[in-house]
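Before any comments, here is the structure.
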Amino acid sequence: MAGRPRTAIGTYGAITVRRRGSRAVAETRVRDADGRMRHVRITARTAEQARSGLKQRLLSRPGVESGGVLSPSSSFVELASWAHLLNLT
């Protein structure tokens with residue numbers, strides 16, 4: 001299949017910043033742990049505050065590298081072994 005490669009879980013696209021009245025709005029899309037792309041937006045007084053705040057929000061999103069047994073970098077073998085131990089197979 002041609003086209004762009006899939007965005008990895010926990011990564012985000014380009015951050016855009018625009019003015020809305022006297023406020024700056026920074027936004028991007030991020031691939032969550034469930035594989036879905038979601039829109040994330042933050043508003044602040046300045047463009048730099050909005051960009052910085054958005055990056056902080058992206059780092060604090062739940063689900064990625066949260067200390068669980070499996071992570072986005074886990075191998076298929078690890079997934080299969082845990083599925084077997086939990087009787088999911």
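The values are calculated or read from the model by the stated rules, or taken from the named source; none is laboratory data. Fair warning: this is a prediction, and the values are worked out from it, not measured in the lab. Because the Cβ atoms are built from the backbone with ideal geometry, glycine has one as well, and the counts that use them run over all protein chains shown.
Return the residues of the stretch 46-89 that are part of a loop (DSSP other than H, G, I, E, B), at pLDDT 75 or above and surrounded by 11 or more Cβ atoms within 10 Å (Cβ to Cβ); say none if nothing qualifies.
If the condition is that a residue be part of a loop (DSSP other than H, G, I, E, B), at pLDDT 75 or above and surrounded by 11 or more Cβ atoms within 10 Å (Cβ to Cβ), then Thr46, Arg61 are the ones that fit.
Looking only at residues in the stretch 1-35 that are without any contact (Cβ under 8 Å) to a residue 24 or more places away in the chain and hydrophobic (A, V, I, L, M, F, W, C), which one is farthest from Glu48 (Cα to Cα)?
Among those that are without any contact (Cβ under 8 Å) to a residue 24 or more places away in the chain and hydrophobic (A, V, I, L, M, F, W, C), it is Met1.
Can you give me the number of residues within the stretch 16-41 that are under 24 Å from Ser73 (Cβ atoms) and hydrophobic (A, V, I, L, M, F, W, C)?
Summing the residues that are under 24 Å from Ser73 (Cβ atoms) and hydrophobic (A, V, I, L, M, F, W, C) in the stretch 16-41 gives 4.
Pick from the stretch 1-38 the residues that are of a type in the set (Gly, Ala, Ser), under 10 Å from the mean Cα position of the chain (by Cα) and surrounded by 12 or more Cβ atoms within 10 Å (Cβ to Cβ): which of them is modelled with the highest pLDDT?
If we take residues in the stretch 1-38 being of a type in the set (Gly, Ala, Ser), under 10 Å from the mean Cα position of the chain (by Cα) and surrounded by 12 or more Cβ atoms within 10 Å (Cβ to Cβ), then Gly13 is modelled with the highest pLDDT.
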